[in-house]
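J.: Below you will find the structure I want to go over with you.
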Amino acid sequence: MSSNALNYCLKCCGLVKRDLIACDAACGRVCHAHCSGLSQQQLLIIQILPNIVWRCDSCLKQAQNNQQLSEKLEQCLKQHEKRLQILEQSLARRAKLNESCKEPVLCPFLPHTIGRKAVIITSAFAILTLVLIVILATTTNLFGKTLNKSKLGDGDDSRQNIPINSTIDQDNIGGGLVLRFVPRAAWLAQPPQKQLPDLALPVPMVILLPTNSENCSTQAQCVFRVRFLQTFDIESQQRDDISFNFLIGGDGNVYVGRGWDVVGAHMHGYNTRSLSLAYIGSFRHQRPSSKQLSVTHLLLERGVELGKISSNYKLVGASTLEPTITEYNAELLYQSFANWTHWTTAA
């Protein structure tokens with residue numbers, strides 16, 4: 001579309017001069033940002049993350065229609081397969097009767113012309129079945145690709161467009177029931193500003209800290225929080241990378257920061273002999289979610305199995321080590337670990 005062309009909002013039909021949002025699908029239509037039905041936070045996500053896009057209602061409805069067509073084709077295919085099975089059974093019974101005849105006939109009880117028609121009809125059904133299989137496979141493949149575009153961060157480095165107003169549920173992918181890492185590539189991490197030193201393993205201490213940001217309950221929200229924290233650490237705090245080794249989201253996923261093997265920047269004097277687990281949120285008035293606590297168990301067990309964490313490690317809150325630093329205050333976070341085996345309140 002020419003830059004001089006007039007754009008009209010597909011919602012209110014008014015002329016769009018600024019603050020427009022364009023559909024990422026083939027239609028390419030635009031509308032006012034406030035007419036899109038998105039919240040301010042969602043509009044901000046679209047501006048910051050290049051793989052998050054918006055699609056108009058027509059394009060989303062078209063995707064739903066494709067899914068319905070796929071289901072109808074599959075149902076039709078099953079019906080034809082059942083009819084073909086009945087015909088094959090009938091032909092098998094007639095074949096047994098034909099074996100006793102002196103002259104081979106298609107059907108002992110019907111004229112030859114009718115028997116040939118039965119064969120032709122059966123062949124037609126077989127050809128129709130093959131055609132339906134091809135159509136169904138093509139439709140399913142296209143629909144599968146659309147679903148794959150909506151998945152964010154399964155460990156691969158694919159950054160495909162995800163409709164932010166898609167109805168696909170991603171909230172329970174990890175859920176704290178299994179240990180699921182969201183790698184740096186999946187949350188669109190910047191590379192470190194320089195080569196970071198290696199951590200002496202296994203570490204004797206694991207430090208728990210709050211991020212003092214808004215909490216998150218879905219992967220999309222948590223990705224936004226982690227990406228913002230890295231930008232703040234690098235550009236405002238002049239650090240070489242995000243401060244923490246791992247970040248625990250309210251969605252029950254573990255977001256890889258510096259990882260197992262790299263020295264963190266979470267607390268002066270302890271960085272070279274500890275791993276940091278940062279919990280996304282502020283826990284002065286709210287406890288961590290059950291998903292965050294459950295996945296912490298799994299993460300610590302995995303660290304011990306891999307030889308990254310000492311078997312007799314100490315689990316300690318940041319405020320215990322530095323009680324004068326107010327940003328470490330998160331009593332409701334630390335209280336949640338008070339009855340854990342390795343928890344300590346000794347500095």
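J.: Give me a count of the residues in the stretch 32-66 that are assigned to a helix (DSSP H, G or I) and either among the aliphatic types (A, V, I, L, M) or closer than 9 Å to I21 by Cβ (or both).
T.: Selection size over the stretch 32-66: 9.
This table checks each residue for (1) closer than 14 Å to C59 by Cβ; (2) of a type outside the set (A, V, I, L, M); (3) open to solvent by 40 Å² or more (accessible area, probe 1.4 Å); (4) at pLDDT 75 or above.
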{"position": "S2", "(1), (2), (3), (4)": "no, yes, yes, no"}
{"position": "L10", "(1), (2), (3), (4)": "yes, no, yes, no"}
{"position": "L15", "(1), (2), (3), (4)": "no, no, yes, yes"}
{"position": "V30", "(1), (2), (3), (4)": "yes, no, no, yes"}
{"position": "L38", "(1), (2), (3), (4)": "no, no, no, yes"}
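J.: Now a separate question. Just need a number here: residues in the stretch 219-243 that are open to solvent by 10 Å² or more (accessible area, probe 1.4 Å), under 19 Å from K194 (Cα atoms) and in contact with a helix residue (DSSP H, G or I) (Cβ under 8 Å, 6 or more places away or on another chain).
T.: Within the stretch 219-243, residues that are open to solvent by 10 Å² or more (accessible area, probe 1.4 Å), under 19 Å from K194 (Cα atoms) and in contact with a helix residue (DSSP H, G or I) (Cβ under 8 Å, 6 or more places away or on another chain) number 3.
J.: So, V206, is that one over 24 Å from L49 (Cα atoms), open to solvent by less than 20 Å² (accessible area, probe 1.4 Å) and among the β-branched types (V, I, T) or not? Spell out how you get there, then give the answer.
T.: Numbers: over 24 Å from L49 (Cα atoms): yes; open to solvent by less than 20 Å² (accessible area, probe 1.4 Å): yes; among the β-branched types (V, I, T): yes.
In short, yes.
J.: Just to be sure I understand the filter: pairs with C-beta atoms under 9 Å, separated by 6 or more residues or on different chains, first member in the stretch 17-37 and within 13 Å of R55 (Cα to Cα), second member polar (S, T, N, Q) and crowded, with 19+ Cβ neighbours inside 10 Å. Which pairs pass?
T.: Filtered contacts from the stretch 17-37: I21/S36.
J.: Another question, then. How many residues, within the stretch 17-28, are open to solvent by 70 Å² or more (accessible area, probe 1.4 Å) and either on the phi > 0 side of the Ramachandran plot or assigned to a strand (DSSP E or B) (or both)?
T.: 2
J.: Among the numbered conditions (1) in contact (Cβ under 8 Å) with a residue 40 or more places away in the chain; (2) open to solvent by 70 Å² or more (accessible area, probe 1.4 Å), tell me where L97 comes up short.
T.: (1)
J.: Yes or no: G264 at pLDDT below 95, open to solvent by less than 10 Å² (accessible area, probe 1.4 Å) and touching a Lys or Arg at 6+ places or on another chain (Cβ under 9 Å)?
T.: Spelling it out, it is not the case that G264 is at pLDDT below 95, open to solvent by less than 10 Å² (accessible area, probe 1.4 Å) and touching a Lys or Arg at 6+ places or on another chain (Cβ under 9 Å).
J.: Still on this model: Any idea which of L277, L321, L247, L298 is surrounded by 15 or more Cβ atoms within 10 Å (Cβ to Cβ) and more than 28 Å from the chain's Cα centre (by Cα)?
T.: The conditions single out L321.
J.: Turning to a different aspect of this structure: Inside the stretch 261-274, can you point out the residues that are out of contact with any helix residue (DSSP H, G or I) (no Cβ under 7 Å at 6 or more places or on another chain) and touching a residue at least 60 places away in the same chain (Cβ under 8 Å)? I'd like the intermediate steps shown before the answer.
T.: Going through the stretch 261-274, the residues out of contact with any helix residue (DSSP H, G or I) (no Cβ under 7 Å at 6 or more places or on another chain) turn out to be 261-262, 266, 268-269, 271-274.
Hits for the stretch 261-274 are D261, V262, T272, R273, S274.
The values are calculated or read from the model by the stated rules, or taken from the named source; none is laboratory data. Since the structure is predicted, the reported quantities are computational estimates derived from the model, not experimental observations. Note that each Cβ is placed from the backbone with ideal geometry, even for glycine, and that neighbours are counted across all protein chains shown. Note: areas computed on protein heavy atoms with side chains; ligands, DNA, RNA excluded. Shrake-Rupley method; radii C 1.70, N 1.55, O 1.52, S 1.80 Å.
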